[in-house]
Every structure is written in C-alpha cells, then in structure tokens.
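First comes the structure, then the notes that go with it.
The values are calculated or read from the model by the stated rules, or taken from the named source; none is laboratory data. Keep in mind it's a predicted model, so treat the numbers as computed, not measured. Here the Cβ is made from the backbone with ideal geometry for all residues, glycine too, and neighbour counts use every protein chain on show. We work out accessible area using only protein heavy atoms, side chains counted, and drop any ligands, DNA or RNA first. Shrake-Rupley method; radii C 1.70, N 1.55, O 1.52, S 1.80 Å.
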Amino acid sequence: MRLRAVEVDGSDATITAPASPGASNSTQDVPLAVADMQGAVAMPTTPRTNTLATWQRRLVTQEDPFSVHKLASIGYTVTSFALLGAAAVQAMKGNFAIIPPSLEPVVDAFTVSNLVMCIASIRMAFLYRQGDIPSRNAFLGTAVSSLFSGFFMVWISPFAMGDVFYDIGISRLSFAILVGLNGFFILDTLLKQDELIEGRRDRTAEDFEGRVLMDKIGYIFPVAFGMPLIAMTGFLASVAHDRYWFLEQCRFIDDTFAGVNGMQAHIFYQQLSTSLGAAMASLFVTLRDKKLISKNQELAGIALFATPAFVWSVYTTYYFTSSLFLER
C-alpha cells in the first residue's frame, strides 16, 4: 500500500507500507488522513506538558546543581525570610525598640551567604551574559546593590560583627567602594535604559500605548530610586560623621518624634528588604529568560519585593532627614 501526502510546498510525497496479510500484491494510493482513520498509520499526538520536568530542564545550567552560587542562594533565602519573620513578629507586637539578640547567629549566616552569593552572581554575569552588555551590567548592579544593603545592615546592627566599623578608616573605605560601584552601575542602567527595556519587551504580545512607561516603572525605577539614599547614607555615616554619631541620631529620633519606635531596627530591616528586593529581581528576570514565567509575572514578582523596600525607605528617610534640622 502506498500512502500519499501533500507537502507544504505543494508537491506529492508517497510512502509505501507493507501490505497486510492476505492482501493482493498491488499497491494503492491512499491519502494519509484516510490511512490514519483506517488505523494503518498512527499520527503523532501532542505530548502532555510535564511542568516540573520543564522547570528542572531549564534551571539546570552549566553550573553544578550543588554549585557555590546555588548553595549560597539557599542559605540567603532561608536566613532572609527568617529575619523578615522576626520583623513581622515585632511589627505585630508594635515594638521595634530593639533588634533581638537571638538574631545574631542568623544575621551572621545571612551576611556570609549574601557575600558568597553576590560574588558568585558577579562571576556568572561575566560568564553567561557577556554578549549582552546592558543586561550584564544590570545583573552586576543588582549584585552590588544587595552587597551594599547587606553591608549597611551589619553596619547599623547592634551585633559584634558590626563593631569593626567603629574604625572610621574601615568604615570609609567600605562606603567608598560600595557607594562608588552602586553609582557606576545605576548610572549605566539609566544611560542604557532604552536598550534594557527593548530587551525585556514581549515580542509575542501586541504593543500598546504606555508600555515603555510601564517598563520603566517596572525595571528601571526599582534600580534608580536607591541611589540618592545610598549617597546620602554614605555621606552622613562616613564623611560628615561616623558610626557613633549615626547610632546616637537613631536614638535621638526615637526620643523626639512621637510614634517612632526603634529607628535603628527600622533601618536594619529596611536594608534587609532592599537586599532581598535586588536578589529577587535577578531571580524573576532569570526565570523569564528561561521561559518559565511570563513578562507580567516577572514584573509582578519584582514589584512584590521592591514595593515594601521602597515604602520602608521613604519612611526611614523622612524621619532621618527631618531629624537633621533639629538640635539634639
């Protein structure tokens, strides 16, 4: 039996299949569709999607599944959410007067995992995104942003790890490096924002008026809003004053402004949320690059972590700036 199909270009293709037992030796032209209906040929069916297998396949990169980056990311995520849980408990009690001493080992683990994760992220950005410079620099910027927030979180904490920054030389050197790197990468993002936005455009969806503005809010604003705060913090904490003055100013705010309770703790947790926002932004961008989430899900994920960090930054900045115009 010969099976005849029509190719896409309009030409005929004939498939010859062996005759069934008892059939004559003559051949017969049968359209593929008819042959399929008669059960002679089984047409291919669409395979069922295995969501878990898809995620596993697309998340397994050239990096070993137990690479330093992945292990550090797990430690970072666990410790950051543990600290946020502690903040939520304090918020429900309405008491931010102190940062519980029991959190010190968690903060130590968070700091180490954040440092290792960010260094590994910088390495991976150079290895795997070298063909897209704006995207590479954006990833480098989020890593440096998370590093700065983790550093300042320790700097303002009451724990032993932060005491090294009472040395004004170490404090100034740390601020100079991290503020300088943040300034460079944030400025690079602003200068190349058109390329970045075009690179994140969903080419399968119909374009609409206001898309560029929405993308600037979703991708650029979470990066850019932190620069003035980072610059001001670096100036006050290491140029105009030092760590002693900064911690005293926090206590002055607590005593001066009604309803403000624990400015040091607020800044501590706000830096945690900022670091987490930067790390999660990189995660959601990566998940979309691997076609595991849509653009809307990517933007929603970024906003989910960036918005609380922004609100908390506005809160702490308002009271701290206001206190600068008052006499102690």
Check whether at least one residue in segment 138-158 is open to solvent by 40 Å² or more (accessible area, probe 1.4 Å), part of a helix (DSSP H, G or I) and of a type outside the set (Phe, Trp, Tyr), and report yes or no.
-> no
In segment 119-133, is there at least one residue being open to solvent by less than 30 Å² (accessible area, probe 1.4 Å) and closer than 30 Å to Arg201 by Cα?
-> yes
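Restricting to segment 221-251, name every residue that is of a type outside the set (A, V, I, L, M, F, W, C) and either open to solvent by less than 20 Å² (accessible area, probe 1.4 Å) or at pLDDT 90 or above (or both).
The answer is Gly226, Thr233, Gly234, Ser238, His241, Asp242, Arg243, Tyr244, Glu248, Gln249, Arg251.
Hey, does segment 309-324 have a residue that's of a type in the set (A, V, I, L, M), open to solvent by 20 Å² or more (accessible area, probe 1.4 Å), closer than 30 Å to Tyr244 by Cα and part of a helix (DSSP H, G or I)?
Initial filter on segment 309-324 (of a type in the set (A, V, I, L, M)): 309, 311, 314, 324.
Those left that are additionally open to solvent by 20 Å² or more (accessible area, probe 1.4 Å): 311, 314, 324.
Next, from what is left, pick out any that are closer than 30 Å to Tyr244 by Cα: 311, 314, 324.
Keeping just the survivors that are part of a helix (DSSP H, G or I) gives 311, 314.
The answer is yes; a qualifying residue exists.
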Of (1) touching a residue at least 40 places away in the same chain (Cβ under 8 Å); (2) under 22 Å from Leu304 (Cβ atoms); (3) buried (at least 19 other Cβ atoms within 10 Å of the Cβ); (4) not hydroxyl-bearing (Ser, Thr, Tyr), Ile197 fails just (1)
Yes or no: Asp202 assigned to a helix (DSSP H, G or I) and acidic (Asp, Glu)?
-> no
